[in-house]
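Here is the structure we will look at.
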Amino acid sequence: MNIQEIEALADRIAEFRRARVPMDFLAGATAGLSEEEAYKVQFAVHDRLTDRGQNRLAGWKVAFAVPAQYEPLKLSGPAFAGIYQDGVRQSGEVFQPGWPIKAGVECEMVVRIARDVAAGNAPYTADSIKPCVANLYCGMEVVENRYGDVSQLGGPGRIADDVLQAACIVGTEIKDWQKLDFAKVQGRTEFEGREIGAGPGANVMGGALISLAWLANKLISHGKHLQAGDVVLTGSVHPPQFLAGPGKVKAEFVGLGSAEITVK
């Protein structure tokens, strides 16, 4: 895909995102896209959706944290995508009809970055990334199916459009997180009081700080970096669960806290 084709695809994605209407063209338009090209499209979409201060990029998300998620999509490994300021919401948020288009939810830890995470002498690790963390929260990612039959959309196509990202829900702040065994924490999500997904922190590349370090290194490899104040969705302990209809959702890390939303 040449630069003109990348720009044209980014224009079209941004147009549909602004209008909040389904883009059933995307599976076909990205069928031959490579991962490298997909990130070029993603960055071009960021430029368009943040142009002239209409929004801003508020952080990043980690997606497809385990091989069972990325291998069926023909990806080489986990992926990342942007989070926009208008999608950063607090626990208790009520989503009105029309957006997200078809909501799904994931139980995730949310990190707020304390300082810029620039390239260093060595790649970041779970230990060396700790001083870059300001706060850590129980959270939830809200994704949306803006594609019709999402199963037809390949991995590169998902990367190009921010991997279904809609909102980042910030819930209970986790105190003394430095003492946590991130692999052993248990996350779960309920819809209307019924559990719809659950899993251990180990499902997030072995733990949330491992995925955060991975993200820091991956962004640097793409000429970008985590910045002070960024929010990061570190990856879900269970696959996305699309909601059957309106209702209340609660994502929690057992013994640590929760995040809740209502979808109308």
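The values are calculated or read from the model by the stated rules, or taken from the named source; none is laboratory data. Since we're looking at a predicted model, the values are computed, not measured. As a convention, Cβ positions derive from the backbone with ideal geometry for all residues, glycine included, and neighbour counts pool all protein chains shown. These area figures cover heavy atoms from the full protein model, side chains too; ligands, DNA and RNA do not enter into them. Shrake-Rupley method; radii C 1.70, N 1.55, O 1.52, S 1.80 Å.
Below is a table of values for the structure above.
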quantity	calculated
Selection count where residues are touching a residue at least 40 places away in the same chain (Cβ under 8 Å) and over 18 Å from the mean Cα position of the chain (by Cα), scope segment 229-245	1
Residue check for Glu15: open to solvent by 90 Å² or more (accessible area, probe 1.4 Å) and modelled with pLDDT of 95 or more	yes
Matching residues, segment 214-235, being open to solvent by less than 10 Å² (accessible area, probe 1.4 Å) and touching a helix residue (DSSP H, G or I) at 6+ places or on another chain (Cβ under 9 Å)	Ala216, Leu226, Val232, Thr234, Gly235
Residue that is most open to solvent (accessible area, probe 1.4 Å), among those in segment 134-148 that are outside any loop (DSSP other than H, G, I, E, B), over 15 Å from Val204 (Cβ atoms) and not polar (S, T, N, Q)	Ala134
Evaluation of Ser151 against (1) surrounded by 20 or more Cβ atoms within 10 Å (Cβ to Cβ); (2) free of Cβ contacts under 8 Å to residues at least 12 places away in the same chain (one fails), failing number	(1)
Residue match in segment 160-171 (condition: modelled with pLDDT of 95 or more and open to solvent by 30 Å² or more (accessible area, probe 1.4 Å))	no
Condition met for Ile169 (over 15 Å from Glu106 (Cα atoms), within 17 Å of the chain's Cα centre (by Cα) and of a type outside the set (Phe, Trp, Tyr))	no
Condition met for Met1 (modelled with pLDDT under 95 and either crowded, with 16+ Cβ neighbours inside 10 Å or in contact with a Leu (Cβ under 9 Å, 6 or more places away or on another chain) (or both))	yes
Selected residue (criterion: nearest to Gly139 (Cα to Cα)) from residues of segment 175-207 that are in a helix (DSSP H, G or I) and open to solvent by 10 Å² or more (accessible area, probe 1.4 Å)	Trp177
Segment 246-264, residues that are under 13 Å from Gly187 (Cα atoms) and open to solvent by less than 30 Å² (accessible area, probe 1.4 Å)	Ala251, Phe253, Gly257, Ser258, Ala259
Among residues of segment 104-126, those that are closer than 12 Å to Val142 by Cα and either open to solvent by less than 10 Å² (accessible area, probe 1.4 Å) or outside any strand (DSSP E or B) (or both), counted	4
